[in-house]
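Chemist: Handing you this structure, nothing more for now.
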Amino acid sequence: MQKGTKRSLFVAATYAAVLLLGILLGQNYVDEEGSKPGSSLVPIGLSDNTWKIQQLIDLISNSYVDSVNVDSVQNGAINHIISHLDPYSSYLVPNEAQRQTEILDGTFEGIGMEYFNLKDTLLVVSLINNGPADKAGFRVGDRLLRVNNRTVAGVSVSQEEMEKLIRGKRGTAVNVFVQRNGVELPNAIKVIRNQVTVSSLDVVYMIEPTVGYIKVRRFGMNTGEEFQAAIVALKKQGAKRLILDLRDNGGGYFHIAIKMASEFFKDRRLIVYTEGAHELRQDYFSDESGGFADGSLAVLINEETASASEIVTGAIQDWDRGVVIGRRSYGKGIVQEQYDFSDGSTVNLSIARYFTPLGRSIQKKYTPNWSNMMDFNTMYKGLWALDTLYNHGQTYTTKAGKSVYSGGGILPDIQMPRDSNINESPYQDLVRYGFIDQFVYGRFTKKLPAYSIENFLSGYNLPDNEYHAFIDFVRKAGIAISDKKKNELRNTIESDIEALVGRYYFGREAYFKVKNRRDLFVKQALQHFSALP
C-alpha cells in the first residue's frame, strides 16, 4: 500500500453498498481532486440490478420489524463483498483505519508508556525515550494505582479501557498515581499528552567489529530516512558487512521498500514492477545513491517475512547483491492501495501484482471465494489460472548463475531447518498465554541492577535454579512439560527469559542484542561472512 498515492473518495448518497473492482452498487464516486470521476471504480460487466442492494438497505431501515443499526448493515455488506475478493483486500471502520495509519506511520497521540498486567497490577515495563511519560518522571517498575479518578490497581481493567484513560488529544493532561519501590508517591504524576514517535527499526548496532546489524520491524512512512541514518552510523563505526533482519516483518508501504532496496545499489537497477488487470506495467528503479552499495550483505527471512520485505529480498537475490538466509517467506505478491471514505473508514484494495527484477511472482496460491457470488465467476472467468498466468514454480537464473524460483514466497539461498519444538505445544502455549512475561515481571522486577548493559550482555546467563523455577511455575499453571521437552526447550526458553530481563532493565534494543547471542540465523550469517575473502 503506497500512502503517497492513496485516494480519498466521497460517497454520493449513502456509502453503504458500494464497491470496487467491478462492484459499484448504484453509487457514483469522484476522487478528491475532482478529476476523472469514477476512474478507479468503473463497473465491469455488472447487471442493471445493482441498485437492489441500496434499495434493500432502505427497505430494512424504513420497514423492518425491529430497530436496526443501518451503519452495521452497511458495514456488513461491504465486508461481505471484500471478503470474496482475495486474502488481502480489507475494509476498516474508522478506528481500525486510524490504528493502521498509526502503526505504519509510527506515530500516535499519547504518553509513550508500555505496561504489563501482572495479577491486576499495571506494571510499567517500558518508556519511550524522551516521550511524555519519560519526561514527566515515570520509571520502569512503577505500578499504576489510579488514572485521574479511576482506580486501576487490584481490579480488572481491559486494554480498551486503559487506552481510553491514557490516550487522548495532544496537549491534554492526564494525572496518574503510582507506587514506586512499594510506596505510593504522595502526588500524582501529571503528563501532557503529545505526539509519540516509535522507530520502525528495532535495533541498530555493531554485532562484530566489522559487521553491522539492523532489524526492521515494518516499512513505515519514516523507515527510509531511519534506515539511511542507520547505515551512516554503522559505517562510521567501521561496518563493512551488514546483516539485514527482515524476519517477522509483514511489510508496509510499497514505495518505502523501493527506497530501502535502493540503499544497496549504486547504479540504476530495476527493483520491482507491478501489473494488474486495470493497471499497466509500472517499473520501479533504484535511485543511484545507495549508502551501502559495496559492502557484503546477508538478509534474514522467515515464514512471516511478507510483502514489502519480499520486494527488498527479491531484488537483492535477483541481482546477486547478497545472500538470503532463513526459511521460505510468506508469499504475498499483491499490492494494495488505500481508498478513504469521508467518515474515516477505508478500503485497502488489491490493485496489482508485483514481480521481482527477473519477473518472478512470489504470490502463493489462493482461491477467491466467489462460488456464491452470482456474477463473479463469469466476470473473471479464466483469470485465476495461476500456474499458467503467473509462472508458479518456474526457475530463473541470475547473472551469477544462481537458480531462483517463483511462486509461494522467496526461497532462501541458505535454508535454515524448522525447529518443531518452538512451532508446537507446549512452547506455543507458553507464548500464547504470556507465561514467560508473567514469570519475568513477577520475579525480576523488584529492583533494577547496579551493573551496565555491557556487563549484562557479556556475562549474564539465566541461573539453573531460575530455569527450574520457571518449569515449576508453568506446570502449576496447568502446562504439561515432560522432562524430555524441558531439556529440548531449555535453550529457547532461557534465551527468551534473558532477553525479556534485558529489555526490562535496559530498554527495547537490549532485547534483540540478548536474543542474537543464541540466534542460529545470525550465527549462520556471521559464518557466511567469515568464509568470504
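The values are calculated or read from the model by the stated rules, or taken from the named source; none is laboratory data. Since the model is a prediction, treat every value here as computed from it, not as a measurement. We place every Cβ from the backbone using ideal geometry, glycine too, and count neighbours over all the protein chains shown. Heavy atoms of the whole protein, side chains included, go into the accessibility calculation; ligands, DNA and RNA do not. Shrake-Rupley method; radii C 1.70, N 1.55, O 1.52, S 1.80 Å.
Chemist: Restricting things to alpha carbons, find the Rg to Rh ratio for region 248-339 using the Kirkwood radius for Rh.
Modeler: Numbers: Rg = 13.1 Å, Rh = 13.6 Å.
Computed over Cα atoms, the ratio is 0.97.
Chemist: Provide the packing ranking of 129-136, 495-502, 276-283, i.e. peptides ordered by the mean count of other C-beta atoms within 10 Å per residue, highest first. Before the final figure, lay out the partial values.
Modeler: On the way: 129-136: 17.5, 495-502: 21.9, 276-283: 12.0.
Highest-to-lowest ranking by the protection proxy: 495-502, 129-136, 276-283.
Chemist: I've got another one for you. For the chain, what % of the accessible area comes from carbon and sulfur atoms, probe 1.4 Å? Kindly include the intermediate steps, with their values, before the conclusion.
Modeler: Working: 12510 of 25370 Å².
Carbon-and-sulfur percentage of accessible area, whole number: 49.
Chemist: Then there's this: Solvent-accessible area per residue for region 420-486 at a 1.4 Å probe radius, Å²?
Modeler: Working: 3920 Å² over 67 residues.
Ligands and nucleic acids excluded, the result is 59 Å² per residue.
Chemist: Mind running the shape call on region 83-179? Use the C-alpha gyration tensor, a ≥ b ≥ c as the square roots of the eigenvalues: rounded below 1.5 for a/c, prolate if a/b tops b/c, oblate otherwise.
Modeler: Numbers: a/c = 2.27, a/b = 1.74, b/c = 1.30.
Prolate, since a/c reaches 1.5 and a/b exceeds b/c.
Chemist: Taking Rg/Rh (Cα atoms, Kirkwood Rh) as the quantity of interest, determine which of (i) 0.99; (ii) 1.29; (iii) 1.05 was computed from the displayed structure.
Modeler: (i)
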